[in-house]
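To start, the structure under review is shown below, and the notes come after it.
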Amino acid sequence: MKDSAFEKTLTLNDAVRLSGPASFNVMIKPAGSLCNLNCKYCYYLDKADIYGGREPVMSEAMLETVVREYIAANDVPEVTFNWHGGEPLVLGLDFYRKAMALEQKYADGKKINNTIQTNGVLLNAEWADFFREHGFLVGISIDGPREIHDRYRKDKGGAPTFEKVMHGVELLRNAGVEFNTMSTVNKASEGHGAEVYRFLKTLGTRYFQFMPVVEHVKDGCIVDPSEEGSKIAPWSISDIAFGHFLCDIFDEWFHGDVGRYFVGQFDAALACWCGVPPGICVFSETCGGNAILEHNGDLYPCDHFVYPKYRLGNISETPIREMMASDAQVRFGINKRNTLPSTCRKCQWFFACHGECPKHRFTRTEKGETGLNSLCSGYKIFFSHISPYMDFMKRQLLGRR
């Protein structure tokens, strides 16, 4: 059984973090779940049901409130706006021109950065010039070469999207826009780690993110794993396959690309090996510092927990700083650590994994404890595989080599 006393624990690190200067990230979804694609595994398309099945967009008044509040709420010299979706480009350029003007209006001496995650289909030369002019970091969603990408990433009419995404990448590259890639790792990716990695290197970026797809469905819709009657979606990747996917990429990376190309999971692992924060929330000891702001101002603790029971409030009624410091948000953050089964806390890889993302914790341990990460076996394969290499790189770093 879980230790109920441990579930209520607040550590010294928690206290330092909570009492320090306010600093957090908010992923802003100005178009909510509205998207021009119909990706099979998308966990966000169904969020429109929360708002009556409609997909309204952020008003100009709400945009100004968001920009003003978000900048003021962060007590740090740099503030980053993370524009996300759905597909944020469906709002058009004028919306983001207004956002840039508002950022400058309320900057108050702070440096303002912008990132945007897009499926790339709507990109054109005008968008590319805008992103270059305003120094955007653009995230491109692409799952790999054509046959892998097009398996699940289709448009509303069921047509493949690979060619359009590649055209968008070419526009960004030609305009000199900084971009990286976000690739989901799903059933189509199994056994193709090295192939996916080699393809992504041809696109012109050196930074790659990989996100495992493990979703639950019920009556054809993606639902909270805790919902009775839900089951694993057929497009989800298996734990073992995910572990081997990462290992295959790591072998390619370590033997030829260290210092030249950067993979989120590898950077995070090395940070954990060296005892410093990993920079990725899924491998951090606690979470809660990356919230989601919907088109109407509703705030949720995480992109994967946009369900009514997790709603923190609305920015029109409650200051964003107050919601981020609320008991509900604090509990959500520390529960990442405190609700882990004892098996995890005793695991040799706990320092590097920390139970990974809570959205994946729906299986049981051998002792029957709840809350084990569904990808646990895969991560054990991965961490065991990279351990000697990480030990080597740690020694090199400590020796200033």
(Q) Counting only protein heavy atoms and a 1.4 Å probe, tell me what percentage of the stretch 177-302's accessible area is made up of carbon and sulfur. (A) 53
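So for the stretch 54-160, what percent of the C-alpha to C-alpha distances run longer than 24 Å?
Details: 1854 of 5671 pairs.
Counting pairs separated by more than 24 Å, the tail of P(r) holds 33 percent.
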Q: Could you work out how far apart the two model spin labels at S59 and R206 are, taking each label as a point 7 Å from the Cα in the direction of the beta carbon, and quote it in nm?
A: 4.6
**Q.** Cβ-defined net charge surrounding I249, 11 Å radius [Lys, Arg +1; Asp, Glu -1]
**A.** -3
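How much net charge surrounds W235 when only the other residues with a Cβ under 10 Å from the Cβ of W235 are counted, with Lys and Arg +1 and Asp and Glu -1?
Charge balance in the 10 Å sphere: +2.
Which whole-number value in Å³ per residue fits the convex hull of the alpha carbons of the stretch 165-234?
Working: hull volume 8.1 nm³, N = 70.
Convex hull of Cα atoms, per residue: 115 Å³.
Looking at the stretch 47-79, which trypsin sites (Lys or Arg not before Pro) are in a loop (DSSP not H, G, I, E or B) and have at most 16 other Cβ atoms within 10 Å?
Numbers: sites: K47, R54, R68; in loops: R54.
In loop regions of the stretch 47-79 (DSSP not H, G, I, E or B), the sparsely surrounded trypsin sites (Lys or Arg not before Pro) are R54.
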Q) P(r) tail for the stretch 17-69, what percent of Cα pairs lie past 12 Å? A) 73
Q. Using heavy-atom solvent-accessible surface (probe 1.4 Å) with all chains present, what is the largest-first order of C347, C357?
A. C347, C357
Q: Counting only heavy atoms of the protein chains, get the accessible area per residue of the stretch 62-132 (1.4 Å probe) and round it to a whole Å² value.
A: 39
Q.
Under 15 Å between alpha carbons, and skipping anything fewer than 8 positions from K367 in its own chain: which aspartates and glutamates qualify?
A. D3
**Q.** Filter on K218/K336; K105/K164; K154/K201 - keep pairs with C-alpha separation over 28 Å
**A.** K105/K164
Q: Send over the Kirkwood Rh of the stretch 22-114, from the inverse of the averaged 1/r over different Cα pairs, rounded to one decimal Å.
A: 14.2
Q: Please provide three numbers in whole Å: the alpha-carbon extents of the chain along the principal axes, with the largest listed first.
A: 54, 54, 45
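Return the percentage of antiparallel bridges among DSSP beta bridges fully within the chain, rounded to the nearest 5 %.
If we restrict to bridges inside the chain, about 30 percent are antiparallel.
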Q) What residue among I334, I232, I28 shows peak mean-square fluctuation when the chain is described by a Gaussian network model with Cα springs under 10 Å? A) I232
Q.
At 1.4 Å probe size, what's the solvent-accessible area of T339? Round to the nearest 10 Å².
A. 40
Q) Just how much of H167 is accessible, in Å², when a 1.4 Å probe is used and the result is rounded to the nearest 10? A) 100
Q: Multiply the residue separation of D391 and E366 by 0.36 nm, subtract the distance between their alpha-carbon atoms, and state the gained length in nm to one decimal.
A: 6.0 nm
Q. For the chain, modelled as a Gaussian network with Cα springs under 10 Å, which listed residue fluctuates most, G204, G297, G368?
A. G368
Q | Nearby lysines by direct alpha-carbon distance to K111 (threshold 21 angstrom, same-chain neighbours under 8 apart not counted) | A | K98
Q: In nm, give the distance between the simple-model label positions of E78 and R146, each being 7 Å from the Cα along the Cα-to-Cβ direction.
A: 4.0
Q) What's the carbon and sulfur percent of the stretch 321-401's accessible surface, probe 1.4 angstrom, rounded to a whole number? A) 53
Q | For the stretch 205-285, accessible area per residue (1.4 Å probe, heavy atoms of protein chains only), Å² | A | 43
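The values are calculated or read from the model by the stated rules, or taken from the named source; none is laboratory data. Predicted model, so just to flag it, every value in this text is computed and none were measured. Every residue, glycine among them, receives a Cβ derived from its backbone with ideal geometry; neighbour counts consider all protein chains shown. The accessibility values were calculated without ligands, DNA or RNA, using every heavy atom of the protein model including side chains. Shrake-Rupley method; radii C 1.70, N 1.55, O 1.52, S 1.80 Å.
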